[in-house]
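**Student:** Here's a structure for you.
Readers should treat all values here as calculations from the given coordinates under stated rules, not as data from a laboratory. On a predicted model such as this, the values are computed, not experimentally measured, just so you know. Here the Cβ positions follow ideal geometry from the backbone for every residue, glycine too, while neighbour counts run over all protein chains shown.
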């Protein structure tokens with residue numbers, strides 16, 4: 001039967017791999033987002049390119065979007081595994097990871113997904129098209145910052161787990177070694193005492209014969 005400690009490691013791997021995939025997808029949008037938020041002096045051509053990019057993304061086959069969302073859901077599965085019975089020393093980090101995932105998902109749903117729908121239908125509400133594209137880019141930047149923080153946190157917890165395991169193994173091995181050495185020490189004086197008694201017995205026998 002699989003132990004809970006093994007599941008915790010699986011949860012860490014699910015979080016790290018899922019978020020790494022999401023960061024890769026967002027990185028693919030960077031060539032378009034860069035000119036809608038970081039360098040807006042290149043002209044309308046780049047805003048149109050970003051608009052067409054998000055139209056294509058929003059009109060992609062459902063299996064593509066569903067696959068993306070399913071992989072993102074793995075991060076939540078991993079986080080729920082880790083907060084089920086969290087380590088007392090790391091429980092607040094695990095709760096923080098889950099909270100950060102929820103925050104990133106809220107930004108994605110409220111800003112990015114709605115922005116993509118706006119790009120498809122051409123309705124941007126109270127802002128113009130270029131501002132709406134900038135909002136999408138800014139939202140993805142916030143998501144990247146949050147996800148990078150989660151990855152660094154989980155990698156640190158992953159390292160701390162194995163470092164703690166290593167320290168415990170060294171401690172228990174040293175404790176066993178000390179116990180073994182302590183159990184061996186009384187046997188030597190006993191052997192010496194037995195030898196002394198044998199010598200005295202022989203001496204008494206010799207004196208009786210004499």
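**Student:** Return the single residue from 173, 51, 157 with maximal mean-square fluctuation; model: Gaussian network over the chain, springs between Cα atoms under 10 Å.
**Tutor:** 173
**Student:** Given the rule -39500 (n - 2.57) for each run of at least 4 DSSP H residues, summed and divided by the residues of the chain, what is its mean residue ellipticity at 222 nm, to the nearest 500 deg cm²/dmol?
**Tutor:** -29000 deg cm²/dmol
**Student:** Provide the descending list of Cα extents for segment 53-134 along its principal axes, expressed in whole angstroms.
**Tutor:** Largest to smallest, the principal-axis extents are 50, 29, 14 Å.
**Student:** Compute the long axis of helix 187-209 from its Cα atoms, compare it with the longest principal axis of the Cα atoms of the chain, and write down the angle in degrees, 0 to 90, nearest 10.
**Tutor:** Rounded to the nearest ten degrees, it is 10.
**Student:** OK, next. Using the 10 angstrom Cβ neighbour count as an exposure proxy, how do 41, 141, 97 rank, fewest first? Provide the component values of the computation, followed by the final result.
**Tutor:** Working: 41 6, 141 15, 97 26.
With the sparsest Cβ surroundings first, the list reads 41, 141, 97.
**Student:** Neighbouring Cβ atoms within 10 Å as the yardstick, rank 32, 92, 54, 161 fewest first. Each step should come with its number before you reach the end.
**Tutor:** Details: 32 20, 92 10, 54 23, 161 16.
Starting with the residue having the fewest Cβ neighbours, the order is 92, 161, 32, 54.
**Student:** How do 7, 14 line up, fewest other C-beta atoms within 10 Å first?
**Tutor:** 7, 14
**Student:** Now, a different point. Over segment 115-178, what portion of Cα pair distances is larger than 18 Å, expressed as a whole percent?
**Tutor:** 64
**Student:** Can you tell me the orientation of helix 62-84 relative to the chain, as the angle in degrees between its alpha-carbon axis and the longest Cα principal axis, to the nearest 10?
**Tutor:** So the helix axis and the longest Cα principal axis differ by about 40 degrees.
**Student:** So what does the Cα-only Debye profile of segment 1-104 read at q = 0.17, 0.25 Å⁻¹, as log10 I(q)/I(0), no solvent term?
**Tutor:** -0.85, -1.26
**Student:** Mind checking the angle between helix 129-184 and the chain's longest principal axis? C-alpha axes, 0 to 90 degrees, to the nearest 10.
**Tutor:** Computed tilt is about 0 degrees.
**Student:** Regarding segment 1-60, what whole-number volume in Å³ per residue does the convex hull of its Cα atoms give? The partial results should precede the final answer.
**Tutor:** Working: hull volume 5.4 nm³, N = 60.
Once divided by residue count, the hull of segment 1-60 is 89 Å³.
**Student:** Once you keep just the Cα pairs under 8 angstrom separated by 6 or more residues, what percentage relative contact order results for segment 4-174?
**Tutor:** On the way: 138 pairs, mean separation 58.0, N = 171.
The value is 34 percent.
**Student:** More than 21 angstrom separation, counting every C-alpha pair in the chain; what % is that?
**Tutor:** Details: 14675 of 21945 pairs.
Counting pairs separated by more than 21 Å, the tail of P(r) holds 67 percent.
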